[in-house]
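Asker: Got a structure here, written out as structure tokens. Questions coming.
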Amino acid sequence: MRVLHATDLARAERFMLLNARLIDRHRFALHFRGGPAAPVLAALRAYENPDGGYGHALEPDLRGEGSQPVPTQHALQFLHEAGADGDPAVARAGGYLASITGAGGGVPFVLPTVRDAPHGPWWQAPGEPFSHINPTGTLAGMLHRAGSDHPWLGPATGFCRRYLDDLTTEPGAYDVLAVLAFLDHVPDRDRAEAAFTRVRETLAAAAHSDHQGPLDFAPAPDGYGRRLFTGDVIDAELDALIGAQGEDGGWDIAFPSWTPVTRPEWRGFTTVERLLTLRAYGRLKP
């Protein structure tokens with residue numbers, strides 16, 4: 001079994017200092033150097049808009065200022081990491097999501113305002129926004145994890161449950177991630193377990209893409225995603241992940257960079273995520 005040593009973590013730290021965004025440098029310090037949470041929160045504030053949503057390239061492939069659902073998802077992740085589930089920003093995010101929610105209780109993957117600013121070519125908005133499990137499931141799961149009682153959560157939770165009830169065809173890989181985030185954190189655990197048992201094989205068949213592997217769906221051993229793969233598969237993936245650390249100390253991305261800045265921004269984010277996964281599985285040596 002391979003492990004990542006302190007010298008490898010030091011190489012990752014140097015990579016972060018040379019390449020990563022400020023917010024991801026603060027996240028690295030928080031998680032791996034005992035740094036304070038306040039700098040993460042201070043950096044995050046710069047991405048927040050008056051409507052409670054997030055933009056300004058918090059999602060690196062959306063370069064516009066305006067709020068979008070997926071950057072708001074990233075913000076909720078960072079707030080949680082910083083131990084700030086009770087921060088007023090969580091309620092403000094709920095208010096933003098309520099403002100863009102469709103009649104069924106879900107939010108669109110991306111809003112038509114994406115067309116007003118530079119963005120990755122895969123971020124295409126339909127003529128009329130429609131609710132989608134990705135990112136509604138992830139957003140609902142994150143707000144449940146935060147202990148939020150925002151009114152948006154009721155309709156959004158109903159939307160996700162109806163999606164699971166009707167899931168008969170193979171979803172997309174990002175849909176699987178959204179379902180897993182929802183099931184990991186929705187409060188009714190018996191109902192979540194029953195739903196996972198019912199759709200497990202469907203999720204397992206779809207838990208892959210040209211740039212996503214098992215550890216993207218199972219970044220920690222205590223989530224439903226871990227139950228989609230055998231132990232041998234996870235162990236092999238962890239060994240491969242350690243071997244994938246670059247000569248420069250960082251981890252690379254497996255999808256295109258459509259403008260030069262996005263690759264280092266994504267690599268900084270990804271490097272923190274990979275290290276968190278290795279630590280969660282006990283592969284990061286103290």
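Every number in this text was worked out from the coordinates using simple rules, so none of it is lab data. Owing to the predicted nature of the structure, the values given are computational and were not obtained by experimental measurement. So basically every Cβ, Gly included, is an ideal-geometry build from the backbone, and we count neighbours across all protein chains shown.
Asker: If you keep only loop residues by DSSP, which trypsin sites (Lys or Arg not before Pro) in segment 1-107 have at most 15 other Cβ atoms within 10 Å of their Cβ? Could the numbers behind the result be given before it?
Answerer: Working: sites: R2, R11, R14, R21, R25, R27, R33, R45, R63, R92; in loops: R2, R21, R33, R63.
Taking segment 1-107 and a limit of 15 other Cβ atoms within 10 Å, the loop trypsin sites (Lys or Arg not before Pro) found are R2, R33.
Asker: Another one. When the helix-only estimate is applied to the chain (DSSP H runs of n ≥ 4, each -39,500 (n - 2.57), divided by the residue count), what is the mean residue ellipticity at 222 nm, nearest 500 deg cm²/dmol? Write out the running numbers ahead of the final one.
Answerer: Numbers: 12 runs with 151 residues, N = 286.
Calculated at 222 nm, the ellipticity per residue is -16500 deg cm²/dmol.
Asker: Whose amide H sits under 5 Å from the amide H of L4, counting only residues 5 or more places off or on another chain, with H placed in the peptide plane?
Answerer: HN-HN under 5 Å from L4: L284, K285.
Asker: For R189, put the label point 7 Å out on the Cα→Cβ axis and report which residues of segment 204-233 keep their amide N under 17 Å from it.
Answerer: It comes to 221-227, nothing else.
Asker: Kindly state, to the nearest 0.05, the FRET efficiency for H80 paired with A42, given R0 = 22 Å and r defined as their beta-carbon distance. The partial results should precede the final answer.
Answerer: Details: r = 16 Å, r/R0 = 0.74.
It comes out at approximately 0.85.
Asker: Still on this structure, please answer the following. Roughly speaking, what % of Cα-Cα pairs in segment 47-206 are separated by over 24 Å, rounded to a whole number?
Answerer: Percentage above 24 Å: 31.
Asker: Extending each Cα 7 Å along its Cβ direction at T113 and T230, get the distance between those two points in nm, one decimal.
Answerer: For the pair T113/T230, the computed spacing is 4.9 nm.
Asker: In nanometres, what is the gap between the two model label sites at R14 and H211, each 7 Å from Cα along Cα-to-Cβ?
Answerer: Distance between label points: 2.8 nm.
Asker: Return, for the Cα atoms of the chain, the radius of gyration and Dmax in Å, separated by a comma.
Answerer: Radius of gyration, then largest Cα-Cα span, for the chain: 18.4, 53 Å.
Asker: 7 Å from Cα along Cα→Cβ at both F130 and S99: what's the point-to-point distance in nm?
Answerer: 2.6 nm
Asker: Let me ask something else. In which sequence would T202, T138 go, from the one with the fewest C-beta neighbours within 10 Å to the one with the most?
Answerer: Ascending Cβ contact count within 10 Å gives the list T202, T138.
Asker: Give the long-range amide H neighbours of Q68: residues separated by 5 or more places, or on another chain, with amide H under 5 Å away, using H modelled in the peptide plane at 1.01 Å from N.
Answerer: Close amide H contacts, sequence-distant or interchain: Y54.
Asker: Still on this structure, please answer the following. Eigenvalues of the Cα gyration tensor times 5, then square-rooted: what semi-axes does that give for segment 1-125, in whole angstrom, largest first?
Answerer: They are 30, 18, 13 Å, listed largest first.
Asker: Here's a follow-up. Between the DSSP loop rule and a limit of at most 15 other Cβ atoms within 10 Å, which GluC sites (Glu not before Pro) in segment 1-106 are left?
Answerer: Listed in order of number, the matching sites are E65.
Asker: If you build a Gaussian network model of the chain, linking Cα atoms that sit under 10 Å apart, which residue out of V176, V90, V199 swings the most?
Answerer: V199
Asker: To the nearest 0.05, how large is the calculated FRET efficiency for D51 and T169 if R₀ is 41 Å and r is the Cβ-Cβ distance?
Answerer: Calculated transfer efficiency: 0.75.
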